[in-house]
Amino acid sequence: MTDKGTYYITTPIYYPSSNLHVGHTYCTVMADAMARFKRLVGFDVMFLTGTDEHGQKIQRIAEEAGISPQEHVDGIVAGIKDLWATMEISYDDFIRTTEDRHKRRVQEIFKKIYEAGDIYRGEYEGWYCTPCESYWTDVQLVDGKCPDCGRLVEKAKETAYFFKMSKYADRLLELLESEPYFLEPETRRNEMIQFVKQGLEDLCISRGSFDWGIPVPIEDGQVIYVWLDALSNYITALGWPAVDGTPGEDDKCRKYWPADVHLVGKEIVRFHTLIWPAMLMSMNVPLPKKVLGHGWLLLSGGKMSKSKGNVVDPVTLIERYGVDALKYFLLREYTFGQDGLFTNEALLGRINGDLANDLGNLLSRWAGMAEKFVCGHVRRQGRDADQSVCAAATSPDNELKELAVSVAGKVEAHMDGFAFNHALEEIWTLIRRSNKYIDETMPWALAKDEAQAARLEEVLYNLGETLRIVSILIQPFMHYSSAEIRKQLGITDVTLKWEDASVFGLEAEYHATKGVNLFPRLDIDAELEALNALVPGGTDEESDGTEIVPDLGKVCAEEEVAEAAAKKGEAEYKPEIEYDDFDKLDLRVGEVVECMRHPNADKLLVFQIRMGNETRQIVSGVAGSYAPGDCVGRKVIVVANLKPRMLRGEESKGMLLFADNGDRYEFVTTEAPHGEKVT
């Protein structure tokens, strides 16, 4: 395996006010999948996660419980570590901000910034949000509440130390504007650019009104404020700055820093792309290469929140369906960077459809036929021994082989862009093609004719090789299933190598043993009844009864009625509207930069549309008129201010305009630049 260098990925360090929910799991599962993938393709990976354990909120919770803050966080952190162990999260280090190795280095970081002239003593008066550990000005408040979490704030005034954030405003703006890949997705970067342009204030970095924190090294009675403390974990875990004077103390930092990716939720992008870089600039430390801000998992009432109590316990889901099913769902269902709606129907649909019907069924069919027809002994036929694949797909065999050896490269390209859902769709395209291959070749019919014995074994071998390739491809996402496939193939002693996923005909033979059913089919109604109890209110609808997921059956029926009317030549117009009604529409020119088939609906295409500085996703029911490749590069008209909606698990933020000629939908196009307003 080629050594591709180092790769350092981090999650945010989680705040242990109470147990984690599936939203936190989403971020960690993404980081784990990427770490496993990078290791498999040949990188020396450092994967860091941990907990942010200081602050006034923790102290208040502990006081209310009648225990010390350390006792409180110790109990919560033990549960977090148990959860990550249950999910087989492959982190290389777990940093706690209450550890001595962290505290001593944070104090040294404080002194370095102070010695650079970027810390001064002053008095602060402002609005303080305890849950977010943040101060806000009157202008920054939204309806008198915290702009980040929407909770009530309280007036606070105290002596504190301040970091000269304003000094670095120009450098931060230059970073964001000149390095478009430093912060993704683009919408987050644009938000941060506007935030900086509004003016940066100096940052309060100490508190004197409570004592649960790291002591300020230059004055008694002050503790270091949470963001200087928390953000420093990414380098203190690597042994920087050196404080012990021992040889090699900061070797990890020299090896892995700067971080390749800070993976964070969108609500803390500001801290990671403004405060953290400014701190590093002050110390003349290289900046991280990239910050990725992922979206939220939403329940019907909004964002999952421990304080709201509207959370889903990942342990319960794992106990019912297994860790691989939960990981697959989180990675496959949602588009990175966008919010996603968590529904029980979506979870069960993925398990029954993708996992049971597709992957589980493929393995079960192959192992069962191999045991029944050839006593489990499947050998490579002579004509496949050269490990070559014909250039043209002239038969089901060649179609399967060509597809199989092409998937690894496609997956690698998608993973580089953190497009986990697209990477998994490439793999599932192969899995579905393999099931189709069984139907095309009909091994059960070949088994009835002795003259077809060699052909039967050839078909079974082709399926075995495809399953071997699939076991490699899914390993970063579903390592239990990967191991079980290899067990039923009889190749558990073979080293797993990514490059082997691009070779067909590698193994000489397989010894099939039908084992456990990877993903048994579920009784959806029974499971929904049980799962709905996990979501507050026991429903996937808004508390006011508003539908979150549209009735696609109704939508499709309405489209069919309209189509039938058009074919009859009937010009049926909708009721008249006022000019003011039409003026509510915001029509914009967009350019299709990417298009793919919807994974869960044959009639839908998923478009990525660029409009000026923004790229947004729009789902449209035109798969019967266009192949995805026919759409890329087209200029289109977008209804840009349409309320977002979820269509079969994919968010659609707008609508595209088409003309219906009776046979197909035609794009309404223009040559105007994307982003222009249509009037």
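Here are the numbers:
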item: In nm, spacing of pseudo-spin labels at GLN194 and SER502 (7 Å Cα→C-beta vector); result: 4.3
item: Packing-based exposure ordering (other Cβ within 10 Å, fewest first) of VAL592, VAL678; result: VAL678, VAL592
item: Of the DSSP H helices in the chain, those whose Cα atoms cover at least 20 Å axially and whose Kyte score averages -1.0 or more; result: 22-41, 69-86, 396-416, 420-441, 453-473, 552-567
item: Estimated FRET transfer efficiency (THR159, ALA242; beta-carbon r; R0 45 Å; 0.05); result: 0.90
item: Label zone at GLN70 (point 7 Å along Cα-to-Cβ), backbone N below 20 Å, the range 97-137; result: 97-108
item: Alpha carbon Rg of the chain, scaled by the compact-globule rule 2.2 N^0.38 Å; result: 1.06
item: Order of HIS377, HIS422 - criterion: other Cβ atoms within 10 Å of each residue's Cβ, fewest first; result: HIS377, HIS422
item: Of PRO247, PRO180, VAL589, farthest towards positive along the dipole that unit charges on Lys, Arg, Asp, Glu beta carbons give the chain; result: PRO247
item: q = 0.26 Å⁻¹, the range 142-206: log10 I(q)/I(0) [Debye, one scatterer per Cα]; result: -1.09
item: Charge tally in the Cβ shell below 10 Å around HIS422, where Lys, Arg are +1 and Asp, Glu are -1, HIS422 excluded; result: -1
item: Packing-based ranking, highest mean first, of 70-77, 463-470, 270-277 given that Cβ atoms within 10 Å are counted; result: 463-470, 270-277, 70-77
item: Rounded to the nearest 20 debye, dipole of the range 1-126 from Cβ charges on Lys, Arg, Asp, Glu; result: 340
item: Overall Cα dimensions of the range 345-511 - principal axes, largest extent first, Å; result: 49, 35, 33
item: Distance between modelled label sites at LEU141 and ASP92, nm, 7 Å Cα→Cβ extension; result: 4.6
item: Charge sum, other residues only, whose C-beta stays under 14 Å from LYS103's C-beta, Lys/Arg counted +1 and Asp/Glu -1; result: -3
item: Unit charges at the beta carbon, dipole of the chain: most positive-side option, HIS598, VAL638, ALA230; result: ALA230
item: Cβ-defined net charge surrounding ALA242, 9 Å radius [Lys, Arg +1; Asp, Glu -1]; result: -3
item: Calculated [θ] (222 nm, deg cm²/dmol) that DSSP helices of n ≥ 4 give over the chain, each run adding -39,500 (n - 2.57); result: -11500 deg cm²/dmol
item: Alpha carbon Rg of the range 1-48, scaled by the compact-globule rule 2.2 N^0.38 Å; result: 1.36
item: Relative packing of peptides 202-215, 45-58 - highest average C-beta neighbours within 10 Å first; result: 45-58, 202-215
item: Antiparallel content of DSSP bridges confined to the chain, in %, to 5; result: 75
item: By average C-beta atoms within 10 angstrom, highest first, the peptides 175-181, 17-23; result: 17-23, 175-181
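Throughout, read-outs are computed from the coordinates displayed, never taken from laboratory work. None of these values were measured; they are calculated from a predicted model. Because the Cβ atoms are built from the backbone with ideal geometry, glycine has one as well, and the counts that use them run over all protein chains shown.
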